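Take a look at the structure set out below.
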Amino acid sequence: MGALLATSSTQTKKVHTLTQQISTELTKQWEDLTKVIKSETITIVHGAKERFDQVNEELIKLYDCTKKSIDQEVQDWIASDKAVGEIAIATVAAIKSLKRKQKESPGPLGTASTKRQRQDQPDITLDLRETSEPPPPPQNKQESQNIPQPDKFDGSSTKLKPFLNDVANIFERMPITYSSANDKILYVAALRTGSAKQWYLANETRRKPDPQSGWCIWARYKDFLKDFISVHENRNEVREAKRNIQMEFQKASELIKDYVSRMRTLNMVANLP
């Protein structure tokens, strides 16, 4: 019995020793694994931080570049509006000077004649003030020779395309006079009447930069043109033109060339070859 107890005690000690060894080894392996994980985590964090700093630096450079470009465009718009304003002020000053000279110098028949001439003359200064818009830019004399001016546009959708074609022709043949978007917008504004004039006066502020942000809705001529067309175009024009083509025949008294010209016009409106 005593030998059995001694053997059992020896085995118990061996098991205890083996358990301690295993526990020590597992603890060591766990510490090593923790160190590895910590090292890898630090490496990943450092790499992510470096990449973040690089991306952040690139974004800052891109923002600075974009801001400089926008600031330059805003300055160009402000300078353009300033130039137009100076032209308007100079024009009004010239008109006032002319009227003052007319008052000071008597006409061929004396003072009564001068007074009668002043009554017959329209008040141009009043007209400029009431329109609440600067005059169009002065035309280059060399460019404007022998160039017919478009008819005024009253807002009719049937006259929209011919009017825009005539205006585009003017801009193409007079690139110096109408070099900026503001010049082109003012030229179109000077040719509108009726509902087209009312629409422009109601939206004229879109041509000028916002006092706070400096942003201008009609910074480009095509922005103005998009709004102008969307308001005055006939949205059913293409569909009506296609229907008219199917129903059109040469009239009994109509010449062939007139019929062909009329059909070509309909094809152009219907966007057909």
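The values are calculated or read from the model by the stated rules, or taken from the named source; none is laboratory data. Here the structure is a predicted model, which means the values were calculated and not measured. Ideal geometry is used to build each Cβ from the backbone, glycine not excepted, and the neighbour counts take in all protein chains shown.
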*Restrict the check to the stretch 206-214 and report whether at least one residue is at pLDDT below 90, part of a helix (DSSP H, G or I) and crowded, with 18+ Cβ neighbours inside 10 Å.*
yes
_Which numbered condition ASP183 misses (of (1) in a loop (DSSP other than H, G, I, E, B); (2) at pLDDT 90 or above; (3) charged (D, E, K, R))_ = (1)
